[in-house]
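Structure record follows, encoded as structure tokens.
Just so you know, all these numbers are worked out from the coordinates, no wet-lab data involved. Everything quoted here is computed from the prediction, not taken from an experiment. Here the Cβ positions follow ideal geometry from the backbone for every residue, glycine too, while neighbour counts run over all protein chains shown.
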Amino acid sequence: MRFDALAAVLLIPLFAAALLALLPGYRITARLNVLATLATFVSAVSLFAARPQPGPYLLVDDLNSTFIVLTTFVGFTTSVFSASYIGHELENGKLTPTFVRFYHAMYQMLMFAMNLALVANNIGVMWVAIELATLTTVMMVGIYRTHEALEAAWKYFILGSVGIALALFGTILIYMAARPAVGEGLDAMVWTTLIKRADAFDPALLNVAFVFLLLGYGTKVGLAPLHAWLPDAHAEGPTPISAVLSGLLLNVALYALLRFKMLLAVNPAALAPGPLMVTLGLVSLVFAAFMLYRRRDIKRMFAYSSIEHMGIITFAFGMGGPIANFAGLLHMTMHSLTKSAIFFAVGHVAQIKGTQRIADMGGLTETNPVLGWGLILGVIAIAGMPPLGIFMSEFLVVSSTFARSPALALILVFGLLVGIGGLFLRLNTIAFGEPRGPVATSNASYLPLFSHLALVLMAGIYMPQALVAWFQSVAKLLG
Amino acid sequence: MRGLDFDIAHLLAGTLVLISFLQLYQDRLYALLNIFALHALVLALSVAWQAFIQDAPHLYVTAVLALVFKAIVIPVVLHRIIVKLGIHREIEQVVGVGPVMLAGIGLVALSMVVMLRVTQDADPLAREDLAFALAVVLLGLLMMVTRRNAVSQVVGFMSLENGLVLAATGAKGMPLVVEISIAFSILIAFIVIGIFLFRIRERFDTVDLQALDRFRGERR
């Protein structure tokens, strides 16, 4: 039998989940977890070499292969981080071996669900996959079973389910809109068929469907004012999950939204989805930027920073056009790498200090220089300072917006500046000054942290021509 | 088209909306669960009727699932849970009955206006089904926001899902994938909810979410 990369991307995590649920012993399972995510990443890369034909359920094209490679890569590096993080949690008794087993199985289920959502050609399957991803993360957010963790998980569960329910209603409406043009049955839910015939759909029905999808999947993207679950879920769950949530799951929800945006773009009579996304994006950006100032919990602060950046990305895709789409894709990639790197650093910091309170951390550069400077570099990157990758993408978003509508660009720049101020204010407390809180050395593996930062730095200084051409072709696809 | 088929489908979908209204003002958990069971029963009838008139036998599966899981198993289990938790005599009310009912009427009007306007070309049966379904979904949402008790929020969520099933079955010829997925997700959702309720109980001795709210947001 030939090696089927598409099947591998889905089946490896699924089998790994079953296996990890059964195997006892932390050392073996943590390594197996790393191994499985590595194998998934390798299969994802091999999708570039041999691309399968789109079927009624699965599809691989330029757009989603970008997402899949990013997802599996960050999934792999996070599993390396998770191995040392979870080991520490076992030592200090915050997790029991049974829960670690459960955690690893859920981690692989989440990877499966995200990959399935990305390769789904059927909008029903895509919805199921995103629901599965939501449920697995709910379980993981509540894994510490403290007051706060349970409340965060409950809130995430309720708000996530409402979002998912609205998205399903939107999906049903898309089917209703497609039925007269495509005919009854499976075809009317297959995305490749829909995009070919979308010009014949009833525009009014398509509009209402998109509003539901935007609200539904927008909740999962964490767009304000639908973001209420996000800071709690990030703050209370295990840190590897915060990294995966911020770096990957938000992207997957946004990807679903982009697919439907492409459908609407084909139909000339339907409403332009751009302005809606631009508005939600800007609201999220400005709101989250201000919220950065009052944060006392370090993970909560970076969760708000994720809302801010998802706002920028949604804004860029809402503006549309080759340059803004390019900038949006680049920003999304850079944000995933940087934010997960920050959470890797934050996870170790919080373990050393035994708390997530910013006031109880201080002088990290003195006590733990490697970790401290890693965190500083990450925050500098996420704030969008040159010469790192996020500077590049933010610059592109801002400059392309200035060319088209200066008023929007002003709001954008205002939000960005407010955000930078908030981040640096807190960074000063954490990284410099008198050391505060317990002092301990960390036996963490710094490889995931610094490999992400190196990639972000490299993208800021020099991007290979092939990568630029690739992003350009995807940007064109997005219209 | 406008024969008996249509009238019965219309009657059942309309009844579902009415039962959603009944749920809104139940302040005792037992009564709420009983009304929810009724809601699921009517849904099962409605889905079965759709299966009959659309000549789509796979929809009977959905109908049976609705009947067994939602109308029987889940209410029974939730009954047990609330007895175990000792909250079956509790009375809860966050917002007054009047404002909630008015808001509910507003939401129904909204869904009629929106759905009937955008689906002018669709066949009347699917059209009205969709409008009723949206009304049920929105009433479920309203219930979730006006309640503080975890059990009643869950009931709100499940009646919202009932609305989605109504919409999915009303959309003629929608592939089986979706029906399975809906049934499946309800199942999973229920497991998750069950676990949550027990976990919450372990920690708090109450499922009143107001108790949880003390721990919200920034600590200290």
Please check which bits of the stretch A:409-443 a label hung off A:Glu366 would reach, taking the label as a point 7 Å along Cα-to-C-beta and the cut-off as backbone N under 20 Å. A:425-442
Using only the Cα atoms of the stretch A:273-479, what semi-axes does the equivalent ellipsoid have when each is the square root of 5 times a gyration tensor eigenvalue? Give whole Å, largest first. 32, 19, 12
Pairing the Cα long axis of helix A:203-221 with the longest principal axis of chain A, what angle in degrees results, from 0 to 90 and rounded to the nearest 10? 10 degrees
Once the mean of 1/r over all distinct C-alpha pairs in chain A is inverted, the Kirkwood radius in Å reads 22.3 Å
Extension gain B:Val145-B:Val73, at 0.36 nm per residue separation less the Cα-Cα distance, in nm? 23.4 nm
For chain A, what does -39500 (n - 2.57) per DSSP helix run (n ≥ 4), summed and divided by total residues, give at 222 nm, in deg cm²/dmol to the nearest 500? -26000 deg cm²/dmol
Projected convex hull area of the stretch A:177-238, Cα atoms, direction-averaged, in nm², equals 5.9 nm²
Packing-based order for A:371-384, A:351-364, A:302-315, using average beta carbon neighbours within 10 Å, highest first: A:302-315, A:371-384, A:351-364
Against the longest alpha carbon principal axis of chain A, how many degrees, from 0 to 90 and to the nearest 10, is the axis of helix A:147-182 turned? 20 degrees
Per-residue mean of other chain beta-carbon atoms within 10 angstrom of the beta-carbon, peptide B:163-175? 5
Which value, in debye to the nearest 20, describes the size of the charge dipole of the protein assembly as shown about its Cα centre when Lys and Arg Cβ atoms bear +1, Asp and Glu Cβ atoms bear -1, and nothing else is charged? 1180 debye
Using only Cα atoms, tell me the angle between helix A:97-119 and the longest principal axis of chain A; keep it within 0 to 90° and round to the nearest 10. 30 degrees
Relative packing of peptides A:432-443, B:111-122, A:170-181 - highest average C-beta neighbours within 10 Å first: A:170-181, B:111-122, A:432-443
Subtract the Cα-Cα distance of A:Val45 and A:Ala272 from 0.36 nm times their separation in residues, and report this length gain in nm to one decimal. 78.3 nm
Taking the dipole about the Cα centre of the stretch A:273-479, with the C-beta of Lys and Arg at +1 and of Asp and Glu at -1, give me whichever of A:Ala383, A:Pro406, A:Met277 is farthest to the positive side. A:Met277
Please give the average number of partner chain Cβ atoms lying within 10 Å of the Cβ of each residue in A:174-187, rounded to a whole number. 4
Measuring from label point to label point, each 7 Å out along Cα→Cβ, what is the B:Leu102 to B:Asp5 span in nm? 4.3 nm
Just tell me how shielded A:352-358 is by partners: mean number of partner chain Cβ atoms within 10 Å of each residue's Cβ, no decimals. 1
By how many nm would the segment from A:Ile461 to A:Arg145 grow when fully extended, if each residue of separation counts as 0.36 nm and the alpha-carbon distance is taken off? 109.4 nm
